[in-house]
Amino acid sequence: MPATVNANLLRIASMFISTEVTRYYLQGVLIQRHQLKGVNLVATDGHRMIVIWDENGHTSLDDVIVRLDKATLAACKPVKGEHLDRIARIDGDGVLSVLSGDEKPVPVSISYQAIIDGTFPHWQRVVPNMAREAGIPTFNPKYVTDFCKVATELCASKTGALSIAGSADSPALIRFQGVQHVFGVLMPIRNNEDVGALPSFLNAEQEQPTFQEAAE
């Protein structure tokens, strides 16, 4: 069997794919063999990226990019009452299907051709080096919200928690509380304002009232 991965992790990774038609090779999730065990699931739209290590995943393929339609995304989501995670399977013809994780797998989605013929970027090059000098980065709030959704799904606590570490001109590293198999990368946006540690109004000197204002 060429590739099997955790369906829910694949679904979570798909939240970060690109919707730009010209960047078709980013419209899917990269499944890549991990150097030691399992697979990496990687997705990016050029502004943010997520990397998930599926320890129990398997692939006999080289790097492969898979797309997920709405029906498959729905099938990948965990269902109450199922004791094992659902599995996404890709056969030798590039056909993807989602199976129940119970002892007797039952198909839960219609199989379809899922392989995207393209080359995924070398994602390791943008993983931030945390030894760089830190600054105060500015981020698109929508992208931050997407990572908050991941934290809510993956973290042990109901609210979830995430950490953002980066500088003003370098990619930021996103980590999730208590989660060791997932990290994210978020590109900062240009901010022409002179942003300090505290907003300027806190340091502004209070203007002295005029004689007339004081007398009123």
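The values are calculated or read from the model by the stated rules, or taken from the named source; none is laboratory data. Note that the structure is a prediction, hence the values are computed from the model and not measured. Cβ coordinates were reconstructed from backbone atoms using ideal geometry, including for glycine residues, and neighbour counts include every protein chain displayed.
Considering only region 31-41, I want to know if a residue exists there that is assigned by TED's automatic domain parsing to the domain that holds residue 10, assigned to a loop (DSSP other than H, G, I, E, B), surrounded by fewer than 18 Cβ atoms within 10 Å (Cβ to Cβ) and at pLDDT below 90. Among the residues of region 31-41, at least one is assigned by TED's automatic domain parsing to the domain that holds residue 10, assigned to a loop (DSSP other than H, G, I, E, B), surrounded by fewer than 18 Cβ atoms within 10 Å (Cβ to Cβ) and at pLDDT below 90, which makes the answer yes. Cβ-Cβ distances below 9 Å connect the following pairs, each with a first residue in region 109-126 that is in contact (Cβ under 8 Å) with a residue 60 or more places away in the chain, a second residue that is surrounded by 14 or more Cβ atoms within 10 Å (Cβ to Cβ) and aromatic (Phe, Trp, Tyr), and a separation of six or more residues or different chains: 116/24; 116/25; 118/24; 118/25; 119/25; 120/25; 121/25.
Taken as a whole, the structure places residue 4 among residues that are among the hydroxyl-bearing types (Ser, Thr, Tyr), touching a residue at least 60 places away in the same chain (Cβ under 8 Å) and not in a helix (DSSP H, G or I).
Among all residues of region 160-183, there is none that is among the small types (Gly, Ala, Ser), modelled with pLDDT of 85 or more and assigned by TED's automatic domain parsing to the domain that holds residue 18.
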